[in-house]
1. Which lysines does Lys395 reach when only Cα atoms under 21 Å apart count, and residues fewer than 8 places away in its own chain are ignored?
2. Over region 1-96, calculate the relative contact order: mean separation of alpha carbon pairs under 8 Å at least 6 apart, over the residue count, as a percent.
3. Can you compute the FRET efficiency between Lys395 and Arg302 using 1/(1 + (r/R0)^6), with r the Cβ-Cβ distance and R0 = 41 Å? Round to the nearest 0.05.
4. Just want the ordering: His176, His60, His104, from fewest to most Cβ atoms lying within 10 Å of their own Cβ.
5. For a test of the definition: using alpha carbon positions, the gyration tensor, and the 1.5 limit on a/c, classify region 167-304 as rounded, prolate or oblate.
6. Can you sort Lys194, Lys260, Lys159 so the residue with the fewest Cβ neighbours within 10 Å comes first?
7. Using Cα positions and a limit of under 25 Å, work out the lysines in reach of Lys167, with same-chain residues fewer than 8 apart set aside.
8. Scan around Ile99 for amide H atoms under 5 Å from its own, H built in the peptide plane at 1.01 Å from N, and keep only partners 5 or more places away or cross-chain.
Amino acid sequence: MNLVVLGAQWGDEGKGKLIDIVSRDADITVRYQGGNNAGHTVVVSNKEYIFHLLPSAILHKGKVCVIGNGVVVDPRALLEEMAALKKRGLNVTPRCLKISDRCHVVMPYHRVLDGLRETKRKNKIGTTGRGIGPCYADKVTRCGIRMVDLLNPKVLKEKLQDNLNEKNEVFNKVFHHKAYSFIGIYNEYLGYGKKLGSYICDTMLYLNKAIGQKKSVLFEGAQGTFLDIDFGTYPFVTSSNSTVGGVCVGSGVAPTKIDKVIACVKAYTTRVGEGPFPTEFSKRLMEEIRTKGNEFGATTGRPRRCGWFDSVLVRYAVIVNGVSDLAIMKLDVLDDLRKIKICTAYRYRGKVYKEFPTDFEVLSHAEPVYEEMDGWMMPTSGIRSYRRLPRNARKYIERLEQLLKVGVKYISIGTKRDEIIVR
Ligand code: IMP
């Protein structure tokens, strides 16, 4: 069984926790897009782990994790993540981690350019500042440096020289920023090649061979559907395909090999960074839910914007990802609310929108149309079976199933591994 777990909102849906649970049944877990802009939080025996580049399944002994070709790798960040795990007693060996030779590499000038571009924009994206956009831009303009290049001093030299010739002019003339020296970056990145060389391979061949031998593969999405470069709230998106299509191009595994797609959603909505957010709370509820749900970015620590569940948004995600099952995360955060709202449509200039609109003006000014339900006003974290959930909590979930036209299989009611109901 080959399974995809991805986010159906704006990221931070709690994929890390679900992946930690379902990856126990998978032989191999694969990241296929994004980079260290992601932050996947897993809590095991009261210890918190936050993963940025490594698949969260790295916590399971004897399993293999793959960083697929669609991921952009900042080798410095990856080595830091591996070193931090080693300090906590977990050794990441080439047997348990494979990095695609085709992954594009985040360079120091990408990180700096990410910040400089933001300063020039009128409509800021609020990126994580990790150099993700500039790295993917180089991939598409065909001047990127790939992991395989770090293993070949001659190729790395030529590519880096070419890049610096062009980029130093841009840094100087457009941003009045000092130029980069070749030798420092060259030596630093050759060093990364030496450290990571034994992990680098053709992961497309590795994965297809494993699938041929009936191994089960879990594809771990990063970010969420509405941060997808094509289907997200462009331009307030990330630079990769976080929707299910990204799995195939980002790992080299064909769609015919994918059996199931599980989408994670929060029982409400959050978003980090700028961009339209029709169901965003007003100040009082925002602070209440942010505190209860600990809604601060796992990568940058920025406070997340919070709002009501938006079924227009998630229904769109269900369609584009061909979702088989839903996982509703953080239901317990709503435990104390007397009334709970669900957005079922948008209204703009007298017109009602039942489908997620593409037009930026409509989306930015859309007034949500809400349905209101009674809350359940009791703690849910100790509950382990669906029928024991308070009646109003079940009503909420069943209403979401009706609106989204897909069944809910997992309900998370706390941060710990075992705080989950499987239906
Ligand atoms: P970038 O991916 O750093 O270029 O940032 C682009 C947008 O995606 C910004 O709004 C970020 O806050 C958002 N973003 C990127 N990665 C994540 C994530 O893992 N969770 C939530 N938002 C993210």
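Quick note: the coordinates plus some simple rules give every number you see, no bench work behind them. Just so it is clear, the structure is predicted and the values come from calculations on it, not from any experiment. Every residue, glycine as well, gets a Cβ built from its backbone with ideal geometry; the counts of neighbours run over all protein chains shown.
1. Result set, ordered by chain and number: Lys266, Lys330, Lys339, Lys341, Lys405, Lys409.
2. The value is 26 percent.
3. Computed FRET efficiency for Lys395 and Arg302: 0.75.
4. Ordered by Cβ neighbours within 10 Å, fewest first: His176, His60, His104.
5. oblate
6. So the residues, fewest neighbours to most, are Lys194, Lys260, Lys159.
7. Within the straight-line limit of under 25 Å, Lys167 reaches these lysines: Lys120, Lys122, Lys124, Lys139, Lys154, Lys157, Lys159, Lys178.
8. Amide H neighbours of Ile99, under 5 Å, 5+ apart: Ile67, Ile200, Cys201.
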